[in-house]
Amino acid sequence: MKRLATFLAAALLALPAFAVEIGDDGLHKTDWMRDTFKDLREDLADANAEGKRLVIMVEQRGCVYCTKMHKEVFPQEVLASYIRENFFVVQMNLHGDVEVTDFDGEVLSEKQAVGKWGLLFTPSILFLPEEVAEDQSASEAAVALMPGAFALGTTLDMFTWVNEKRYELDNGEDFQRYHARRIQERNDGSTD
């Protein structure tokens, strides 16, 4: 009996503290992703009504980098709570057939929309402004693109940089300079 208890305790300790949910489409799901009709104008209006920024997160089934982000980066509470509080995240499948209505009114499948936007890597995260012109596509309107998997610091810095609209500032601090400064501040212990 003692051996069984020891085995069970060891088995439980070996399990991750959280489970990453996988949807019927094979993509990772989080509590901060929104299940919408993928009409981007409606999604933008809903995001604005909540005082949040619209984000399109493109992933694909079997993506090892998506899995890494969902197991190691997105679950970290500092990032998860920041996304939950500030962003309206709509997930798209790189190879999906769900209908999407782009900002310019064009109706496409997810895979056609992603192709139109020129996105090749997963995960890819498109950050949108609060207003998008009638003739712009999501990729034309995007204020930033995060292509690929990154560590917590880079990911949090990108979400923060967008949320604070630092891309609008005329101080010469593009994302790379902002990120370098944030790294230095974290190393110096002068910020959280």
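Of all residues in region 43-70, those that are touching a residue at least 60 places away in the same chain (Cβ under 8 Å) and more than 16 Å from residue 21 (Cα to Cα) have Cβ atoms under 6 Å from Cβ atoms of residues that are acidic (Asp, Glu) and not in a strand (DSSP E or B), 6 or more apart or on another chain, in 48/130; 54/43.
The single condition among (1) more than 13 Å from the chain's Cα centre (by Cα); (2) surrounded by fewer than 21 Cβ atoms within 10 Å (Cβ to Cβ); (3) within 15 Å of residue 121 (Cα to Cα); (4) not acidic (Asp, Glu) that residue 94 does not satisfy is (2). Of the residues 123, 75, the single one that is in contact (Cβ under 8 Å) with a residue 60 or more places away in the chain and of a type outside the set (A, V, I, L, M) is 123. Run residue 8 past the list (1) surrounded by 10 or more Cβ atoms within 10 Å (Cβ to Cβ); (2) at pLDDT 95 or above and report the number of the one that doesn't hold. Evaluating residue 8 over (1) surrounded by 10 or more Cβ atoms within 10 Å (Cβ to Cβ); (2) at pLDDT 95 or above leaves (2) as the failure.
Taking first residues from region 157-172 that are over 15 Å from residue 185 (Cβ atoms) and partners that are among the aliphatic types (A, V, I, L, M), the Cβ contacts under 7 Å between residues at least 6 apart in sequence or on separate chains come to 158/144; 158/146; 159/83; 162/143; 162/144; 167/143; 167/144. Exactly one residue out of 130, 173 is more than 17 Å from residue 44 (Cα to Cα), in contact with a helix residue (DSSP H, G or I) (Cβ under 7 Å, 6 or more places away or on another chain) and acidic (Asp, Glu), and it is 173.
Quick check on residue 120: is it at pLDDT below 95, surrounded by fewer than 21 Cβ atoms within 10 Å (Cβ to Cβ) and either out of contact with any strand residue (DSSP E or B) (no Cβ under 9 Å at 6 or more places or on another chain) or under 24 Å from residue 22 (Cβ atoms) (or both)?
On the way: at pLDDT below 95: yes; surrounded by fewer than 21 Cβ atoms within 10 Å (Cβ to Cβ): yes; either out of contact with any strand residue (DSSP E or B) (no Cβ under 9 Å at 6 or more places or on another chain) or under 24 Å from residue 22 (Cβ atoms) (or both): yes.
It is true that residue 120 is at pLDDT below 95, surrounded by fewer than 21 Cβ atoms within 10 Å (Cβ to Cβ) and either out of contact with any strand residue (DSSP E or B) (no Cβ under 9 Å at 6 or more places or on another chain) or under 24 Å from residue 22 (Cβ atoms) (or both).
The set of residues in region 18-72 that are loosely packed, with under 14 Cβ neighbours inside 10 Å and among the aromatic types (Phe, Trp, Tyr) comprises 18, 37.
The values are calculated or read from the model by the stated rules, or taken from the named source; none is laboratory data. Just so you know, these numbers come straight off a predicted model, no measurement behind them. Ideal geometry is used to build each Cβ from the backbone, glycine not excepted, and the neighbour counts take in all protein chains shown.
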